[in-house]
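In what follows, a single structure is set out as structure tokens and then discussed.
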Amino acid sequence: RFDIGAAGVLRVVRTAALGEALTGPAASAAECEWFMDYRNADGSLAEMCGNGVRVFARYLADQGLVSGKELAVGTRAGARRVVLEDDGEVTVDMGRPEVLGEGSAVLPGGTVTGTRVHVGNPHLACRVEGGPAQVDLSGRPRLDAAEFPEGANVEVFAEAAPGTLEMRVSERGSGETRSCGRGIVAVAAAATPPGQDATWRVRVPGGECTVVLDTDGARLRGPAVIVAEGEILLDSGAR
């Protein structure tokens, strides 16, 4: 949705107060002042959220919790460098996507095949004939546990024009959402020939982002807007 309602919840917490050990890919986040503690709609933890980390940075800036145009945000996929652009958009360094080979998923309308891509979490990016609007994402994708032991986000995409992709996504733990930053990077990586640099505009139901792929990795740029503020009031006995 474009108003209150989302695919997950971002908890803004100082990394020193997180209360958990950061190991493996998350270890680099230990040096960040702020940590994006992200949970999907079903309550499960997520390693990272490309759109979420951009709005997280926008929130920190709007609340006066950070200064300057550049900052590092801690996530369970590691530290992510973020730039607050002068035009109001936000750019985040998404790291280097790992293209892992072919995979498949069973959707309500049949089986789709695509490219397995790791962008801090697992994805299956599937190029489809007729455009993503024709694909039924109403049910949870069924994946081969050998290919995706931790599950995966499933993206369907097509090239709408030179340099422009259209995409829809079913996110692990949330179902179909209006956008997914890591999914946007995954389809851009899947659409780019190996060893080449590329810049893609990627359109999703929620808007449009730009992905730049080069030898440094992937950078995701797009708008990040705070649409509302409020308070959650708990009963005295609530925990």
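Among the residues of the stretch 171-182, the ones that are crowded, with 20+ Cβ neighbours inside 10 Å and over 16 Å from Gly52 (Cα atoms) come to 0 in all.
Cβ separations smaller than 8 Å between residues 6+ apart or across chains give the following pairs from the stretch 3-21 residues that are surrounded by 10 or more Cβ atoms within 10 Å (Cβ to Cβ) to residues that are β-branched (Val, Ile, Thr): Ala7/Thr177; Leu10/Val55.
Being touching a strand residue (DSSP E or B) at 6+ places or on another chain (Cβ under 6 Å) and of a type in the set (Val, Ile, Thr) is a property that holds for Val187.
Is it the case that Ala160 is out of contact with any Leu (no Cβ under 7 Å at 6 or more places or on another chain) and not in a strand (DSSP E or B)? It is false that Ala160 is out of contact with any Leu (no Cβ under 7 Å at 6 or more places or on another chain) and not in a strand (DSSP E or B).
Quick check: anything in the stretch 28-39 in contact (Cβ under 8 Å) with a residue 60 or more places away in the chain, on the phi < 0 side of the Ramachandran plot and either touching a strand residue (DSSP E or B) at 6+ places or on another chain (Cβ under 9 Å) or of a type in the set (D, E, K, R) (or both)? No - not one qualifying residue is present in the stretch 28-39. Within the stretch 183-239, the set of residues being open to solvent by 90 Å² or more (accessible area, probe 1.4 Å) and of a type in the set (Val, Ile, Thr) comprises Thr215, Val225, Val227, Ile232. If the condition is being without any contact (Cβ under 8 Å) to a residue 24 or more places away in the chain and in contact with a Ser or Thr (Cβ under 8 Å, 6 or more places away or on another chain), then the stretch 211-229 contributes only Val212.
The values are calculated or read from the model by the stated rules, or taken from the named source; none is laboratory data. Since the model is a prediction, treat every value here as computed from it, not as a measurement. For neighbour counting, all protein chains shown are included, and Cβ atoms are generated from backbone atoms with ideal geometry for every residue, glycine included. Areas reflect the complete protein model, heavy atoms only, side chains present, ligands, DNA and RNA absent. Shrake-Rupley method; radii C 1.70, N 1.55, O 1.52, S 1.80 Å.
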